[in-house]
Amino acid sequence: MTYRIALIPGDGIGVPVTKAAMEVAQKVLPGLECTSFPWSCDHYLQTGRMMPEDGIATLRGFDAILLGAVGWPARVPDSVSLHGLLLPIRKAFVQYANIRPHRLLPGVQGPLRRDGFDILCIRENTEGEYSGAGGRVHVGKPDEVAVETAIFTRVGVERILRFGFEQARRRRGKLASVTKSNAQKHSMVFWDEITDLVAADYPDVEASHYHVDAICARMVMAPETLDVVVASNLFGDILTDIGAAIQGGLGFAASANINPGRTAPSMFEPVHGSAPDIAHLGIANPIAAIWSASLMLDHLGEAAAAARIMSAVEATSARGIGTVPGQDRTDIITKAVLAALE
């Protein structure tokens with residue numbers, strides 16, 4: 001089977017980790033045809049756009065997208081790079097489910113005195129607090145006003161919750177729905193109500209409500225009690241950074257931006273960012289990108305190939321390779337994963 005993959009290495013460490021991920025992915029599945037696009041902050045400085053006007057149309061013809069990292073805030077504001085590339089792709093391709101797995105790989109020492117957790121965070125990815133609705137008036141004056149409006153639709157909330165319940169049904173049968181409904185009496189009460197409505201269709205899944213501050217504490221104090229966690233765009237963003245921290249750091253944080261209806265390509269990316277401060281040192285950990293490539297193959301229906309990648313990653317980390325930030329070079333970690341595939 002042949003798959004067309006769009007590569008967007010992006011900025012900073014996104015370039016070497018994407019290269020590493022594709023080396024590994026093509027090792028287990030030679031039928032991956034890759035086309036690379038130079039869309040990045042450099043591209044913006046050269047052309048005035050993070051991607052060409054026809055960028056979305058170009059990507060639509062691919063089976064999946066593998067992204068490295070986007071951003072170089074010293075040169076281009078994050079508000080420009082994020083809204084110029086990442087968010088338009090997520091919204092145009094209805095990638096409303098952002099999936100982030102959080103568990104400790106063998107040999108990785110997390111900051112907690114426990115290692116038996118396996119959390120799947122599911123973040124609503126296309127609306128909520130990151131809808132971009134709002135504006136500013138009287139700019140620069142003493143009475144300046146800034147308004148940022150969070151948009152929650154019944155369709156958007158229900159579909160992400162149903163997606164979460166389906167994942168919980170395949171895993172350990174527990175779902176935590178996250179809001180702050182004691183303070184946000186409109187949008188978050190709305191989310192709670194839809195959670196209860198959807199839960200009635202999944203009697204085999206144990207559904208719980210958590211306020212975001214309470215589940216932040218639980219992810220630190222008792223992460224092994226959590227299975228699937230579903231949250232809005234903003235809350236999901238925050239919780240997945242905690243998840244990355246307890247699993248050993250951003251070098252292990254993989255993600256998938258999924259179009260569950262498969263009407264457009266889904267996008268897969270590590271979430272460590274471009275890390276400009278170490279971009280030239282050759283010490284970026286490629287494990288998060290390789291893990292993201294495994295998620296990509298699984299989404300494409302290549303479960304066996306995806307499992308082979310994760311087995312190789314786990315064999316590598318069990319040897320202590322790639323488990324300590326900055327200890328091993330990118331190429332050394334990549335070669336170790338490739339060798340583990342033999």
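Can you tell me how many residues within region 25-77 are in contact with a Ser or Thr (Cβ under 7 Å, 6 or more places away or on another chain), over 18 Å from residue 89 (Cα atoms) and surrounded by 15 or more Cβ atoms within 10 Å (Cβ to Cβ)?
Total meeting the criteria: 1.
Which condition breaks for residue 2 when tested against (1) closer than 23 Å to residue 251 by Cα; (2) at pLDDT below 95?
Looking at each condition in turn, residue 2 falls short on (1).
Looking at region 7-38, which of the residues that are small (Gly, Ala, Ser) and more than 17 Å from the chain's Cα centre (by Cα) is farthest from residue 329 (Cα to Cα)?
This residue is 31.
What residue, of 67, 7, 29, 59, is assigned by TED's automatic domain parsing to the domain that holds residue 316 and either farther than 26 Å from residue 233 by Cβ or modelled with pLDDT under 95 (or both)?
Just one listed residue meets the conditions, 29.
Filter region 165-224 for residues that are assigned to a loop (DSSP other than H, G, I, E, B) and without any contact (Cβ under 8 Å) to a residue 12 or more places away in the chain; which is surrounded by the most Cβ atoms within 10 Å (Cβ to Cβ)?
By that ranking, first place goes to 184.
Just a yes or no: is a residue in region 242-259 surrounded by fewer than 16 Cβ atoms within 10 Å (Cβ to Cβ), touching a residue at least 40 places away in the same chain (Cβ under 8 Å) and within 30 Å of residue 63 (Cβ to Cβ)?
no
Looking at residue 88, is it farther than 18 Å from residue 271 by Cα and not assigned by TED's automatic domain parsing to the domain that holds residue 173?
No; evaluated as a whole, the condition is false for this residue.
When both residues are 6+ apart or on different chains and their Cβ atoms are under 8 Å apart, which pairs have a first residue that lies in region 78-101 and is in contact (Cβ under 8 Å) with a residue 12 or more places away in the chain and over 16 Å from residue 127 (Cα atoms), and a second that is surrounded by 21 or more Cβ atoms within 10 Å (Cβ to Cβ) and among the polar types (S, T, N, Q)?
From residues that are in contact (Cβ under 8 Å) with a residue 12 or more places away in the chain and over 16 Å from residue 127 (Cα atoms), the pairs are 100/240; 100/255.
If residue 155 satisfies all but one of (1) touching a residue at least 12 places away in the same chain (Cβ under 8 Å); (2) not in a loop (DSSP other than H, G, I, E, B), what's the number of the condition it fails?
(1)
The values are calculated or read from the model by the stated rules, or taken from the named source; none is laboratory data. Keep in mind the model is a prediction, meaning the values are calculated, not measured. Here the Cβ is made from the backbone with ideal geometry for all residues, glycine too, and neighbour counts use every protein chain on show.
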